[in-house]
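A.B. asks: Right, I'll just put the structure down here and ask away after.
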Amino acid sequence: MQPTLPESLLSALSALLAARIGLHFPKERWGDLERGIAAAATAFDLPDAASCAQRLLSAPLTHREIEILASHLTVGETYFFREPDSLDAFEQHILPALLQARAHNMRRLRIWCAGCCTGEEPYSIAMLLDRLIPEHEAWHVTLLATDINPVFLRKAAEGEYGDWSFRATPDWIRARYFKRKRDGRYALHPRIRNKVTFSYLNLAEDVYPALSNNTHAMDVIFCRNVLMYFTAERARAVVENFNRALVDGGWLVVSPAEASGILFSRFANAAFAGAALYRKSADADAPRLVSLVPAPAPEPWRPLPQALPEAAAVPATASLAAAPRGPGTPAQAARDCASQGRLDEAAARCREAIAADKLNPAGHYLLAAIQQEQGYNDDAMQSLKRALYLDPDFVLAHFALGNLYRSQGRHREARRHFEHAQALLRNHPTDEVLPESEGLTAGRLGEIIASVQSSLPQNAAGR
Ligand SMILES: C[S@@+](CC[C@H](N)C(=O)[O-])C[C@H]1O[C@@H](n2cnc3c(N)ncnc32)[C@H](O)[C@@H]1O
């Protein structure tokens, strides 16, 4: 399609989309851009592409607007067992080596599928894990799958697929892992479905790696057929973040079409025919620090009965960037351990930090994140209460505690902490980056909290 909107408008729109979603719309794709904006106009209740473009450029985009734009402008092409050479390399080389290396100490495996679309990719990986991990109960496996498009995420969490999703899938996979429904669609076996945690995450804007959204200490990151749609600048930033999100020796799997010596120059290139696999070397000079700030959706996200609550895109954990810093400090050691997945050691270092500086609320806040990551939510709540005792205006601690209450169904307490956090945020200009948050602005946190608040049940009379 030939674009009809003025060039100045299309140029400004493509700059906006590059900045907020990462998408690259060069001039030769302005027809696609205009078509997407025209489709989004309906969702924005606007008559046409021109008025929609004007509106998008007139004020900073909200989180909800970004979701709507992403759902009209991103490419949702995917299917089970796509690019089989990459999955073969994972199945035959990467996974067996990881299982062997971890078999005798921590039986922990962490995999992230970034840009997971409607779920076919992470579920394919879950099926491989199902076949290859011998004693499932003995292993703690995290399979995180994130995307920017809430419609895709909702479909993914439902786990139901039509024939087209199986266009390159051996028949036995369908027979073994799916049940045919009356309407001819296929429902994924709950055992496989439950292995994947779906979350919202905007690779262009959200903060990662972070304990708070569980994107740290990854063994393998799959990000296939995503970076090819990004601007070169955004792709570089994303790859840099992936490098930090991986443990030493961890793997980044991209599409063969995305292979690039320049883009992945911080990684070692592993030669597997037909696949593009990059490995983070143990002696890489990559910064190891995990960003400890709130970011989207650490909670498991299951099929939703109604429209996606934006709560699915928010942190349910502590924001921990405020912990005391400095090379060689116990707090820094705690963060380094956490970023490599050594949580017991991280907690021990953090307790040392607290012992050395008992009145610093940030240490308790850092401990809360580690405890939450360890699954000790009650301890995390106690740590957050200590942080708030020392600093009642610690906005991120109020938010984290509210989220923990929410996860326990204690909505009245949750609401109280969210309201308190919102009141504190009113003292900050919206574009002010919150102290120690590594980029989170007061306005963005306010938006996130508002969306969580709106997801709480109206009647908080019970709990
Ligand atoms: C072509 S699909 C790839 C799906 C799957 N990885 C595969 O290879 O089959 C691209 C996915 O990237 C997602 N995406 C695009 N921009 C994104 C962003 N800024 N953050 C997160 N996901 C994004 C899209 O929503 C879409 O689901």
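A.B. asks: Using the structure shown, decide if Ala387 is within 22 Å of Glu432 (Cβ to Cβ), modelled with pLDDT of 85 or more, of a type in the set (A, V, I, L, M) and surrounded by 20 or more Cβ atoms within 10 Å (Cβ to Cβ).
C.D. replies: In short, yes.
A.B. asks: Ok, one more. Might you let me know whether the stretch 127-140 holds any residue that is within 16 Å of the ligand (Cβ to nearest atom) and farther than 23 Å from Gly375 by Cα?
C.D. replies: Yes, there is a match, as at least one residue in the stretch 127-140 is within 16 Å of the ligand (Cβ to nearest atom) and farther than 23 Å from Gly375 by Cα.
A.B. asks: Right, next: Return the only residue of Asp393, Asp344 being closer than 15 Å to Leu211 by Cα and surrounded by fewer than 16 Cβ atoms within 10 Å (Cβ to Cβ).
C.D. replies: Asp344 is the lone residue from the list that is closer than 15 Å to Leu211 by Cα and surrounded by fewer than 16 Cβ atoms within 10 Å (Cβ to Cβ).
A.B. asks: Please count how many residues of the stretch 358-384 are buried (at least 24 other Cβ atoms within 10 Å of the Cβ) and hydroxyl-bearing (Ser, Thr, Tyr).
C.D. replies: 2
A.B. asks: Continuing with this model, one more query. With Ala175, Ala157, Ala168 as the choices, which residue is over 30 Å from His63 (Cα atoms) and within 15 Å of the ligand (Cβ to nearest atom)?
C.D. replies: Only one candidate qualifies: Ala168.
A.B. asks: What do you reckon, is Leu109 at pLDDT below 95 and within 25 Å of Leu143 (Cβ to Cβ)?
C.D. replies: Criteria met by Leu109.
A.B. asks: Please specify each residue of the stretch 55-95 satisfying the condition of being farther than 15 Å from Cys117 by Cα, among the hydroxyl-bearing types (Ser, Thr, Tyr) and either in contact (Cβ under 8 Å) with a residue 60 or more places away in the chain or not in a helix (DSSP H, G or I) (or both).
C.D. replies: Thr62, Ser86
A.B. asks: Looking at the stretch 62-120, which of its residues are under 24 Å from Arg154 (Cα atoms), acidic (Asp, Glu) and away from the ligand (no atom under 13 Å from the Cβ)?
C.D. replies: Glu65 - this is the single residue of the stretch 62-120 that is under 24 Å from Arg154 (Cα atoms), acidic (Asp, Glu) and away from the ligand (no atom under 13 Å from the Cβ).
A.B. asks: Let me ask you something else. Hey, can you tell me all the residues within the stretch 218-234 that are under 23 Å from Glu120 (Cα atoms) and either in a loop (DSSP other than H, G, I, E, B) or within 14 Å of the ligand (Cβ to nearest atom) (or both)?
C.D. replies: Val220, Ile221, Phe222, Cys223, Arg224, Asn225, Val226, Leu227, Met228, Tyr229, Phe230
Per-residue answers, yes or no, for (1) within 26 Å of Met218 (Cβ to Cβ); (2) in a helix (DSSP H, G or I); (3) not aromatic (Phe, Trp, Tyr):
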site	(1), (2), (3)
Ala331	yes, yes, yes
Ala338	yes, yes, yes
Arg351	yes, yes, yes
Ile370	yes, yes, yes
Ala380	yes, yes, yes
Ser383	yes, yes, yes
Tyr389	no, yes, no
Asp393	no, no, yes
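A.B. asks: Residue by residue through the stretch 402-416, note down the ones that are within 16 Å of Ser212 (Cβ to Cβ) and free of Cβ contacts under 8 Å to residues at least 60 places away in the same chain.
C.D. replies: Within the stretch 402-416, just Gly402 meets the criteria.
A.B. asks: Turning to a different aspect of this structure: Which is of a type in the set (Lys, Arg), part of a helix (DSSP H, G or I) and within 16 Å of the ligand (Cβ to nearest atom), of Arg35, Arg29?
C.D. replies: Residue meeting the stated conditions: Arg29.
A.B. asks: For the stretch 3-43, what are the residues that are small (Gly, Ala, Ser) and under 26 Å from the mean Cα position of the chain (by Cα)?
C.D. replies: Answer for the stretch 3-43, where residues must be small (Gly, Ala, Ser) and under 26 Å from the mean Cα position of the chain (by Cα): Ser14, Ala15, Ala18, Ala19, Gly22, Gly36, Ala40, Ala43.
The values are calculated or read from the model by the stated rules, or taken from the named source; none is laboratory data. Owing to the predicted nature of the structure, the values given are computational and were not obtained by experimental measurement. Using ideal geometry, Cβ is built from the backbone for each residue, glycine included, and neighbour counts are taken over all protein chains shown.
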